[in-house]
Structure formats: C-alpha cells, structure tokens
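J.: Structure in structure tokens, see below.
The values are calculated or read from the model by the stated rules, or taken from the named source; none is laboratory data. Keep in mind it's a predicted model, so treat the numbers as computed, not measured. Don't worry about glycine lacking a Cβ; one is built from the backbone with ideal geometry, like all the others, and counts go over all protein chains shown. Please note that ligands, DNA and RNA were not included when accessible areas were found on the heavy atoms of the full protein model with its side chains. Shrake-Rupley method; radii C 1.70, N 1.55, O 1.52, S 1.80 Å.
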Protein chains: 2
Amino acid sequence: MSEIVLAVHGGAGHLPKRKITGKARLHYEAGLTEALEVGRGILQRGGSALNAVTEAVAALEDNELFNAGKGAALCSDGSVELSASIMRGSDRSVGAMVGLRRTKNPIRAARAFRGHLHGLLFGQEADAYAEAKGLEMVDQDYFYTNNRLRQWRKYRETKSVVLDHDAESAHGTVGAVARDRRGNLAAATSTGGLVNQLPGRVGDTPVIGAGTWADNQVCAVSATGKGDAFARIAFARRVADLIELAGTAPNEAASRALEEVKEVGGTGGCIVIDPSGQVFLPFNSAHMLRGWVRGKGAPVTAIEVVD
Amino acid sequence: MSEIVLAVHGGAGHLPKRKITGKARLHYEAGLTEALEVGRGILQRGGSALNAVTEAVAALEDNELFNAGKGAALCSDGSVELSASIMRGSDRSVGAMVGLRRTKNPIRAARAFRGHLHGLLFGQEADAYAEAKGLEMVDQDYFYTNNRLRQWRKYRETKSVVLDHDAESAHGTVGAVARDRRGNLAAATSTGGLVNQLPGRVGDTPVIGAGTWADNQVCAVSATGKGDAFARIAFARRVADLIELAGTAPNEAASRALEEVKEVGGTGGCIVIDPSGQVFLPFNSAHMLRGWVRGKGAPVTAIEVVD
C-alpha cells in the first residue's frame, strides 16, 4: 500500500511583499491548509487521488482569497468566466470545462465530465452539462468580491491585462496533485483567468497537457502562472516527456520546462508528484502559494517572498 | 536557401470504399491538389510557411468536400461550429479559435489572432475578433450542404456522435505543414468537428500541442482523426518530444504517438515535416486524404483504401 501524498498550489506571480506577509500570509496559509486537510481526509478514508484533488481544489474555489470559483478575477466586460481540468493517472482519462459562468465549483464540473466522449467543453453548454449532472449552480453575483471589483475598475482604466498574482489585490489559479493508497496519481487545476482578460480566452488551465497532466507511470502536474505561455509550449506534457523520454529528474524537468515558458514570455510554477510519492514545487516567479502533506504528517505551507 | 515543401491532409477515418473511389476520389484529389498549388504558389513567390499553410487550409475550407469551413459537419443542435489553430516554427507563436459560427475561414481567424497576448479564444468573442480584423463573415447557411443536412438527420436519430470520416457521406478535418525558402516551418489545422457533437465541444484541432505543433528545430505537425483521443495525449507535442528528447526518427515518432492515441480509444493520422524538409504522412485509420509537393515538382495525392 502506498503512502498518501497531496500537494496544492494557490497561484504564482509577483505580488508586492506587503500582500503576502503578516495577516495576509496567515489567511493564505489557512486556506492552503484547509484544502490539504480536505484532500488528505479523502485519501485517509481510502478515497481516490481523483476525488482528493477534486475536493482540495473545490475548497480553494470556495475560498475567496484564491483566483478560482468565488473570488475569481474579472474579464474585461466585468463578468466571471471559470475554467478547470482534471486528469486521472491510471487511465489518462480527462475532463475539462472552459468559460463556466454559473457553476459554483468548476473542478466538480470537470470531474463530472471526465470519461465523456468529448474531453473539453466550453461556454453555455458546459454550464448546462454541469447543471444536468446536479451540480450546484449560482448567479454571477456569487463569484464577485469587493476586492475583485476594485481590481477590475483599476485595470480596466489602464487597459492592461495582468496575471492575477501580478495585480495589487489578487491571488492566483489553484491546483492539486495526489497519490492515493493504491498508488494512483491525479491532477486538477482551476482558475478565474487573467485580470481584465477578454471573455472567451482559453488559457492553460483547462487544456490537458498544458496546465494539467497525470500518468501513473510518469508524474502528475498542475501549473500556474502566465497561462498563455504555458499553453503555447504544452507545459505539463513537456514536464512528463522530459521525465519519461529524456530521463530527467522530476524537479529538473519542471525547472527546465519553466525556463522554456520564460523563453516565450511567461513565468510561474507548478506542483509535481512522481510515482514514488515525491513532491516538487518549483517556480520562477517571485512567489508561489503552496503546500503539501504526507501520510499522517502535519501539513506544510510556504509562500516565497522576494522583494 | 531551402527547397520549399508543403504537405496537406483532408482527414482520416474509415469511409466505405465506394465513397473514396472512382469519381469521388478524383474530386478529393482535385481539392487536395488545388490546396497544394495555392500554398506552393505562395512559397515560390518567397512567401512564408505561415502564409502558405494558412492559404492551403483556407482552400480546403472553401471546398465543401472537406469537413472545415463550407461543408463542415453539424453539431447535435444542427448548427456549425468551427475551430482552427496555427503555429509558426521560428518563434513558436500561436493563434487558435474555437466555436466560430460566422467566420468564413477559421484558419485566417487563427492566423490573425497569432501573436495576441491570449493564444486561444472561444465562441462569440472569437467571431467578434475575426470581424474586427476585417475577415469575411457569413451566415450559418453558407456552411450548410445537402450532404451535411442528410448526415445530421441520420445520426441525430441514432444519437451517435461520429468522426466525420466514419460517417457515410462525410469527409474530415484539414491541415497543412510547410517549409519555406528561409527554412522556417509552420503548421495549420481546421475542422468542423465530429458529426452530431455537442455544441461547445473542443477537440484537438484548436489546441496547440494536440492537433498542431511547429518548432523550426524539431518538426511541424498537423493531426486528424478522433480528436478527443488526440487531445487527451497532447499528440502533436508528443510527436515533437519523441523526436527531440528520445531521438526517435520522425516517421517512427508519429507512428508511436498514433499507437498511443489508439491506447486511449482513437485512430487517425498526421502530416509531419522535419527541418530537413522530409515529409511523413502516417495514419492508423483505413485511409487518410493527403498530398504533398516539393520545389517545382508535380503535386502528389494519395487516399489509402482498405476494405
């Protein structure tokens, strides 16, 4: 029986130091810890890695500090569009949703879509699918927070499109990777996208092979950062291929793929778990909100702070 | 100065023999040849690989025999949704569009979006972007053909969702790869999706790393077949990684990646060009409509027929 392992991230970027120190830091750490405990509880009860990453990410979606679900970044038209994807390592089955506007927990919609003939669905049909599956639906109002409205008004004036974590009052994409008792891996990622992005934008989060990857034989990956650059190089598949085809160590593979993201104009980070249960959390932005837990051990959280 | 090379495909699948023999075969071959001549003309005049693959694919979109642009397969609600992507090998810049309903030539929309901060756009915003760029807009009626309406009515009754090329009267996704005089590579892919698919479905065609890939140092790839399976394994990136990281010969890399598509339930094919200008056109379905041209040579077309 394998030791259970879970890692989560809450976004990567270049927030000003004052935004991730003191009380703010405690709130972030509490959010990450809660997600870790939710996922770990599932794994301890013998649940699957797939369910653990789903519910760990759902906990981060429900927490308005993070840019996913409630508290998501706003598009240029002031609306919220949510995306998520999930992949199961045992059979590489996938589910992904883009542009959800009514589904409370996008990751549960991606989870419900897993195994469908189609792998990825966008827009109204995606919400309709989630609703037909009995998932909780909400108004756009549910997702709004005062911080997000302030942030949107500010960036709309300057017409800039920024990574949530580079914005003054914002906090990024979320994700989780896990190994369950049976040794199965899974990965899940969820986001509200970029601040002031065009409605209709598809970043890396919902794209299998870009923001999310899981293969029991190789690794599970969830990415965060400037999603367009991650999508452009098919980041998560690249990490897995560097490990599988080039024999690169997982941490080095992730770091090299992050360098390749940089070559096309992006920065960010990822969380990676390998079949032996080792966890890696590299990033080349100033910080990445992250945490991990192993067996019955205490959850560990970290938020790098670089001036 | 490099010799110019262009390859195109018009879909892969399992059409009944009578659909791709005799007069039908001649029509397909004429369509492929026309696309090759359009693209080759651009390359001969010193145009870029990017422009050549765009216009070769646009010629296939305008030909109602192929499942892209005019003559595209219909969604379950009877509407047409079009997707396309493009990638330039010199800088790995990308452009992609999903769920276009009014843009006459989806590949030109993807081309116009290349270099945008966002890499992929879906739905109404995608059409709006194309319109703002001055591209030709049409009504849904433009895309319909009698064959498609008959096909849709038939498959709607049986509630089956099928690859266009597996359907009685239909003919698949299109794509092109090229090398220009300067040795630059590019790839482009365009599709109407699966017959009777859910509106909102995103297959492999618009996903960089799934249906399309181009990197001057490695290869350019355009895929066709059961797109959900291609997307699930990030097919095109996989072909490139097998070449770059494992040192696999391009033809073998493509064949191995197609085997991996089969493992997750799909079949199809792809066209690949490497930096030396060699072209490979492997497939593991019964046939793939395909063609290539080199320098001033005569265009070659082929349509495998397996009973």
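J.: What size of dipole, in debye to the nearest 20, comes out for region A:5-302 about its Cα centre when the only charges are +1 on Lys and Arg C-beta atoms and -1 on Asp and Glu C-beta atoms?
T.: 500
J.: Something else about it: At what distance in nm do the modelled label points of A:THR158 and B:GLN217 sit from each other, each positioned 7 Å from its Cα along Cα→Cβ?
T.: Label at A:THR158, label at B:GLN217, 3.4 nm between them.
J.: Compute the label-point distances linking A:ARG156 to its equivalents in the other copies; points lie 7 Å from Cα along Cα→Cβ; give nm, one decimal, shortest first.
T.: 4.0
J.: Right, something else. Given R₀ = 41 Å, what would the calculated FRET efficiency be for B:LEU149 paired with B:GLN278, taking r from the Cβ atoms and rounding to 0.05?
T.: 0.50
J.: Is any residue of region B:207-251 close enough, with backbone N under 15 Å, to a label point placed 7 angstrom from the Cα of B:ALA302 along the Cα-Cβ axis, and if so, which?
T.: Within reach of a label on B:ALA302: B:251.
J.: Which of the aspartates and glutamates could a cross-linker span from B:LYS296 if the Cα-Cα distance has to be under 16 Å and same-chain partners fewer than 8 positions apart are dropped?
T.: B:GLU3, B:GLU34, B:GLU37, B:ASP180
J.: Can I ask one more? Can you give me the distance in nm between label points at B:VAL138 and A:GLU259, each placed 7 Å from the Cα along the Cα-to-Cβ direction?
T.: Reported label-point gap for B:VAL138 and A:GLU259 is 4.8 nm.
J.: Continuing with this model, one more query. Could you grab the relative contact order for region B:5-302? Cα pairs under 8 Å, six or more apart, rounded to a whole percent.
T.: In percent, rounded to a whole number, it is 25.
J.: How would you classify region B:82-161 from its alpha-carbon gyration tensor, with a ≥ b ≥ c the square roots of the eigenvalues: rounded for a/c under 1.5, else prolate if a/b is greater than b/c, otherwise oblate?
T.: prolate
J.: Cα to Cα, under 22 Å, and not fewer than 8 places away if on the same chain: which lysines meet these conditions relative to B:LYS23?
T.: Output for B:LYS23: B:LYS70.
J.: I need the trypsin sites (Lys or Arg not before Pro) found in region A:82-134, filtered to DSSP loop residues with at most 16 other beta carbons within 10 Å of theirs.
T.: On the way: sites: A:ARG88, A:ARG92, A:ARG101, A:ARG102, A:LYS104, A:ARG108, A:ARG111, A:ARG114, A:LYS133; in loops: A:ARG92, A:ARG101, A:ARG102, A:LYS104, A:ARG114, A:LYS133.
Sites meeting the loop and neighbour criteria: A:LYS133.
J.: Averaged per residue, what accessible area in Å² does the protein assembly as shown show with a 1.4 Å probe, protein chains only?
T.: 33
J.: Please work out the FRET efficiency for the pair A:SER79 and B:ASP77, using the Cβ-Cβ distance as r and a Förster radius of 25 Å; give the result to the nearest 0.05.
T.: 0.60
J.: Hey, what's the Cα Rg ratio for the protein assembly as shown versus the globular rule of thumb, 2.2 N^0.38 Å?
T.: 0.91
J.: Need one word for region B:146-304: rounded, prolate or oblate. Basis is the Cα gyration tensor (sqrt eigenvalues a ≥ b ≥ c); a/c below 1.5 gives rounded, then a/b vs b/c decides.
T.: In terms of gyration-tensor shape, prolate.
J.: Okay, moving on. Scanning chain B for helices, which whole DSSP H stretches are 18 Å or more long along the axis (Cα) and average 0.0 or more by Kyte-Doolittle?
T.: On the way: long enough: B:22-44 (32 Å, -0.19); B:49-62 (20 Å, 0.74); B:146-158 (19 Å, -2.69); B:250-263 (20 Å, -1.06).
Membrane-span-like by this criterion, though nothing is claimed about a membrane: B:49-62.
J.: If Lys and Arg each add +1 and Asp and Glu each add -1, what is the summed charge of the other residues whose beta carbon sits under 11 Å from the beta carbon of A:ALA246? Can you show the working numbers first?
T.: On the way: positive: A:ARG238, A:ARG256; negative: A:ASP241, A:GLU244, A:GLU252, B:ASP241, B:GLU244.
Charge balance near A:ALA246 sits at -3.
J.: Can you send over the carbon and sulfur percentage of the accessible area for chain B, probe radius 1.4 Å, protein chains only?
T.: Reported share for carbon and sulfur atoms: 47 percent.
J.: Using the 7 Å Cα-to-Cβ label point, sort the distances from B:ASP77 to its equivalents in the other copies shortest first and give them in nm to one decimal.
T.: 1.5
J.: Which one, A:VAL57, A:VAL174, A:VAL161, has the greatest fluctuation when you compute a Gaussian network model over chain A with C-alpha springs under 10 angstrom?
T.: A:VAL161
J.: Report, in listed order, any pair from A:LYS19/A:LYS226; B:LYS133/B:LYS226; A:LYS104/A:LYS226; A:LYS159/B:LYS133 with a Cα-Cα distance greater than 26 Å.
T.: Cα-Cα > 26 Å for B:LYS133/B:LYS226; rest within.
J.: Rank A:THR267, A:THR21, A:THR54 by mean-square fluctuation in a GNM of chain A with C-alpha springs under 10 angstrom and give only the top-ranked residue.
T.: A:THR21
J.: Name the residue from B:GLY22, B:GLY95, B:ILE42 whose Cα lies farthest towards the positive end of the charge dipole of region B:1-96, charges +1 on Cβ of Lys and Arg and -1 on Cβ of Asp and Glu.
T.: B:GLY22
J.: So, one more: If you take all C-alpha pairs in region A:5-302, what percent of them are over 24 Å apart?
T.: Counting pairs separated by more than 24 Å, the tail of P(r) holds 42 percent.
J.: Using only atoms on other chains, find how many Cβ atoms lie within 10 Å of each Cβ of peptide B:90-98 and report the average.
T.: Per-residue shielding by partner chains comes out at 3.
J.: With a 1.4 Å probe on protein heavy atoms only, tell me which residues of region B:177-198 lose at least 20 Å² of accessible surface in the complex relative to the chain by itself.
T.: Output list: B:LEU198.
J.: If you take the square roots of the eigenvalues of the alpha-carbon gyration tensor of region A:17-101 and sort them as a ≥ b ≥ c, do you get rounded (a/c under 1.5), prolate (a/b over b/c) or oblate?
T.: oblate
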